[in-house]
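The structure under discussion appears below in the form of structure tokens.
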Amino acid sequence: MTCDYFKLANLGVQKLHPYMAGKPVSELERELGITGIVKLASNENPLGLSELVVKAIQGEITDGCRYPDANGHYLKAALSERLNVSSSQITLGNGSNDVLEMIAKVYLQPQHEVIFAEHAFCVYPIVSQSIGATLVEVPAKEWGNDLDAMLAAISDKTRMIFIANPNNPTGTWLGEEPLKAFIKAVPSNIIVVMDEAYTEYVTDGSIPNTVNWLSEFENLVVTRTYSKAYGLASLRLGYAVTSELICGLLNRLRQPFNVNSFALAAGIAVLDDEAYLTRAIAVNRSGMQQIVDSCNDLDLQYIPSAGNFVTIDMAQAAMPIYEKLLRKGVIVRPVGNYNMPNHLRVSIGLEQENQKYIDAMKEIMG
Ligand SMILES: Cc1ncc(COP(=O)(O)O)c(C=O)c1O
């Protein structure tokens with residue numbers, strides 16, 4: 001080799017570890033020589049696509065050779081009505097990961113520090129470190145964000161704070177009062193990113209809709225996704241809601257055509273499918289109860305979750321149990337990379353999928 005191309009890479013990128021995605025079912029079936037695998041590993045919606053989405057996608061096929069609407073005009077209009085904000089406050093992304101990366105690129109430089117909690121969603125360190133910013137991981141409190149400790153971690157170098165509400169992979173959540181007091185206490189030159197990927201599952205008011213706080217806090221950025229309750233994970237669609245000024249900055253570096261025509265059409269269609277969302281929430285609620293009941297039966301502690309997944313303490317190293325589940329045709333998510341080597345995260349599936357996991361666990365745990 002004439003040159004060390006690893007050392008030539010951006011220092012932050014050298015220190016990154018690749019995102020660990022769940023293996024696709026087809027790959028595992030091939031590897032293990034079994035069929036009928038159930039995937040409860042990526043917090044997807046088990047209902048399949050909304051019928052309205054299928055129709056909307058079909059309607060876009062003939063124009064598939066054209067570039068999509070670069071500004072996502074109609075989707076932004078639909079979202080703006082739904083969220084009661086102006087279209088000029090919405091930035092669309094190729095999944096919410098895309099907008100999280102844009103936010104980091106707009107505001108972070110190598111001299112900055114970024115605060116997030118231990119066990120927080122792994123994309124925050126990835127997008128921050130790729131820019132060379134310093135990561136400040138604050139120890140968790142009862143698996144969730146310790147807001148006082150996060151405030152205490154602020155220095156004059158802090159430029160951004162990431163909070164997922166609810167958090168993945170722990171499912172922990174923050175209520176209105178502590179969260180609002182926290183954002184009030186954060187200096188206004190620090191961008192607070194509220195990642196609300198799972199917010200649609202929480203219908204009892206225990207989680208605030210921070211979009212309503214945007215007029216009060218200019219440093220607030222709220223991100224949402226269509227990958228979870230709306231069931232569009234493979235289409236890749238998410239968005240940020242911010243002040244118009246921040247939206248304008250995000251738009252400067254957004255890749256042209258970052259959201260494809262099928263996602264744009266699907267995003268509008270699924271907003272009209274109230275029944276789909278209602279069913280997704282109900283299936284998640286009953287499935288959560290089913291999995292939680294099985295934890296109680298098996299005497300396993302779990303972290304109460306507001307998302308579409310639950311993270312369970314196996315009371316021993318979790319990887320061997322993960323491997324045994326795989327062999328029984330159930331994929332869940334090990335979370336050792338989140339410093340939780342004894343836990344497994346189980347996404348809530350359909351009743352029969354959850355039952356397959358429960359039966360496998362009962363056999364494994366004897
Ligand atoms: C907390 C959180 N934020 C953001 C995302 C990103 O989702 P997407 O890029 O599919 O919108 C996820 C996905 O699992 C997540 O758990």
Worksheet entry | Entries of K76/K180; K15/K141; K55/K105; K76/K105; K39/K141; K23/K184 with Cα pairs more than 32 Å apart | K55/K105; K23/K184
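Count the net charge of all other residues whose Cβ sits under 9 Å from the Cβ of Y201, scoring Lys and Arg as +1 and Asp and Glu as -1. Please report the intermediate quantities before stating the final value.
On the way: positive: K228, R285; negative: E200.
Neighbour charge sum, excluding Y201 itself: +1.
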Worksheet item: Ordered by residue, what ³J(HN,Hα) values in Hz, to whole numbers, does segment 249-264 give under the Karplus form 6.51 cos²θ - 1.76 cosθ + 1.60, where θ = phi - 60° and Gly and Pro are x?
Response: 5, 4, 5, 5, 10, 4, 5, x, 6, 6, 10, 7, 4, 5, 5, 4
Response to the item:
With the convex hull built on the alpha-carbon atoms of the chain, volume per residue in Å³ sits at 164 Å³
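According to the square roots a ≥ b ≥ c of the eigenvalues of the Cα gyration tensor, what is the shape class of segment 179-226, taking rounded for a/c under 1.5, prolate for a/b larger than b/c otherwise, and oblate for the remainder?
Numbers: a/c = 2.42, a/b = 1.69, b/c = 1.43.
The shape class here is prolate.
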Practice prompt. Using amide H atoms built 1.01 Å from N in the peptide plane, name the residues 5+ places from F309, or on other chains, whose amide H lies under 5 Å from its own.
Written response: I348
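Determine the calculated [θ] at 222 nm for the chain from helices alone, applying -39500 (n - 2.57) to every DSSP H run no shorter than 4 residues and normalising by the residue count; nearest 500 deg cm²/dmol. Mind dumping the intermediate values first?
On the way: 13 runs with 136 residues, N = 366.
Rounded to the nearest 500, it is -11000 deg cm²/dmol.
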Worksheet entry | ³J(HN,Hα), Karplus 6.51/-1.76/1.60, whole Hz, each residue of segment 102-108, x for Gly, Pro | 4, 4, 4, 5, 5, 10, 9
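Hey, what's segment 47-183 come to in accessible area per residue, 1.4 Å probe, Å²?
Values: 6190 Å² over 137 residues.
Accessible area per residue, segment 47-183: 45 Å².
Hey, what did segment 180-298 get for relative contact order, percent, Cα under 8 Å, at least 6 apart? Could you put the intermediate results ahead of the total?
Working: 107 pairs, mean separation 25.6, N = 119.
Relative contact order comes out at 22 percent.
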Fill in: Karplus-derived 3J(HN,Hα), 6.51/-1.76/1.60, for each residue of segment 324-335, Hz, glycine and proline x
5, 4, 4, 5, 8, x, 10, 9, 10, 10, x, 10
Fill in: Amide hydrogen neighbours beyond the local backbone of L232, cut-off 5 Å, H modeled
S227
Response to the item:
Amide H neighbours of A41 at under 5 Å, excluding residues fewer than 5 places away on the same chain, with H built from the backbone geometry, are S347
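Among residues other than A21 whose Cβ falls under 14 Å from its Cβ, what is the net charge (Lys/Arg +1, Asp/Glu -1)? Kindly include the intermediate steps, with their values, before the conclusion.
Values: positive: K23, K39, R236, R333, R345; negative: E27, E44.
For residues surrounding A21, the net value is +3.
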Response to the item:
Those trypsin sites (Lys or Arg not before Pro) from segment 155-240 that are DSSP loop and have at most 16 other Cβ neighbours within 10 Å turn out to be K157
Practice prompt. Quantify, in whole percent, the carbon and sulfur part of the accessible surface of segment 172-284 (1.4 Å probe; protein heavy atoms only).
Written response: 51 percent
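The values are calculated or read from the model by the stated rules, or taken from the named source; none is laboratory data. Since the structure is predicted, the reported quantities are computational estimates derived from the model, not experimental observations. Positions of Cβ are backbone-derived with ideal geometry, glycine not excepted, and every protein chain shown enters the neighbour counts. Note: areas computed on protein heavy atoms with side chains; ligands, DNA, RNA excluded. Shrake-Rupley method; radii C 1.70, N 1.55, O 1.52, S 1.80 Å.
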